[in-house]
Amino acid sequence: MPDYTFLGQFRNADYTGEGVFTAIRTADWLPVFYDAFWISPTPHIPASRFEGQSHCPRICVVTGLRHKASGKLIRVCNIHLDHVGESARVEGIRCVLDKIAQYERELPMPTVLLGDFNAEPGSETILTTDAATAPALYDLTGNIPVTFHGYGYGHEPICKIDYIYVTKTLKEAAGAVTVWDDEHCGIYLSDHYPVCAEFDVGKI
């Protein structure tokens, strides 16, 4: 994907393993700041985790972007919460929300919080996200019923665990929200359906 710049990192203590990355179309957007932290009680200690979490460290990648044509700024927070421990997911999303509140105090701007929450609608993790007030966040994926399908094998329950949350300005600028459910001869893009939200930059 030569038209994109990828910002992110791998999650293990030696910066290997599974990672979280944000792809930025370089013709349209300029990265202006970057941060990454482990979703844990000690966010800047590599591979740190919450008690009750799986063996997998979890990270959040934060990217500030400037729209080249308009000069407008947005912040993208890309996360992957734990797949085993509900308590770790709840503590994890609180950690992320605290960080977003800190960013907002330092430099307010429209914000996107997205990724694999590993939590279904109505879970404590999602209720905690819905209750955020500093800043308030709005789920754009409310009408999407399924995002995880396990490559269609049927041995895992299909469910919704992927979300796109935005602050008020981006909610008002949002257009179509869709899932990419492409499948050809049993081959899928991923074991999750990618979720897509479109925005009118002129309304940001």
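Which one of Ala69, Ala36, Ala88, Ala47 is crowded, with 22+ Cβ neighbours inside 10 Å and at pLDDT 95 or above?
After applying the criteria, what remains is Ala88.
Every residue in region 94-127 that is of a type in the set (Ser, Thr, Tyr), assigned to a helix (DSSP H, G or I) and either within 30 Å of His67 (Cα to Cα) or open to solvent by 30 Å² or more (accessible area, probe 1.4 Å) (or both), please.
Scanning region 94-127 gives a single hit, Tyr103.
Out of (1) assigned to a loop (DSSP other than H, G, I, E, B); (2) touching a Phe, Trp or Tyr at 6+ places or on another chain (Cβ under 8 Å); (3) not charged (D, E, K, R), the odd one out for Tyr165 is which?
(1)
Please work out which one of (1) touching a Phe, Trp or Tyr at 6+ places or on another chain (Cβ under 9 Å); (2) part of a strand (DSSP E or B) is the condition Pro43 fails and give its number.
With (1) touching a Phe, Trp or Tyr at 6+ places or on another chain (Cβ under 9 Å); (2) part of a strand (DSSP E or B) applied to Pro43, the lone miss is (2).
For region 145-176, name all the residues that are of a type outside the set (D, E, K, R), open to solvent by 70 Å² or more (accessible area, probe 1.4 Å) and closer than 21 Å to Leu113 by Cα.
If the condition is that a residue be of a type outside the set (D, E, K, R), open to solvent by 70 Å² or more (accessible area, probe 1.4 Å) and closer than 21 Å to Leu113 by Cα, then Pro145 is the only one that fits.
Report, by residue number, each residue of region 52-66 that is touching a residue at least 12 places away in the same chain (Cβ under 8 Å) and either part of a loop (DSSP other than H, G, I, E, B) or surrounded by fewer than 18 Cβ atoms within 10 Å (Cβ to Cβ) (or both).
Within region 52-66, Gly52, Gln53, Ser54, Cys56, Pro57, Arg58, Arg66 qualify.
Hey, can you tell me all the residues within region 24-40 that are outside any strand (DSSP E or B), in contact with a strand residue (DSSP E or B) (Cβ under 9 Å, 6 or more places away or on another chain) and more than 18 Å from Thr129 (Cα to Cα)?
Thr26, Asp28
Listed residues Pro157, Pro145; which is in contact with a helix residue (DSSP H, G or I) (Cβ under 9 Å, 6 or more places away or on another chain) and in a loop (DSSP other than H, G, I, E, B)?
After applying the criteria, what remains is Pro157.
Which residues, counting only those in region 8-21, are of a type in the set (A, V, I, L, M) and open to solvent by 40 Å² or more (accessible area, probe 1.4 Å)?
Across region 8-21, the qualifying residue is only Ala13.
Just for region 177-204: of the residues that are open to solvent by less than 50 Å² (accessible area, probe 1.4 Å) and not in a loop (DSSP other than H, G, I, E, B), which one is farthest from Glu120 (Cα to Cα)?
Here the answer is Val201.
Give me a count of the residues in region 56-77 that are more than 21 Å from Tyr165 (Cβ to Cβ) and touching a Cys at 6+ places or on another chain (Cβ under 8 Å).
Looking only at that region, the number is 0.
The values are calculated or read from the model by the stated rules, or taken from the named source; none is laboratory data. In this text the structure is predicted, and so the values were computed from the model without any measurement. No Cβ is skipped: glycine too gets one built from the backbone with ideal geometry, and neighbour counts run over all protein chains shown. Accessible surface areas use protein heavy atoms only, side chains included; no ligands, DNA or RNA. Shrake-Rupley method; radii C 1.70, N 1.55, O 1.52, S 1.80 Å.
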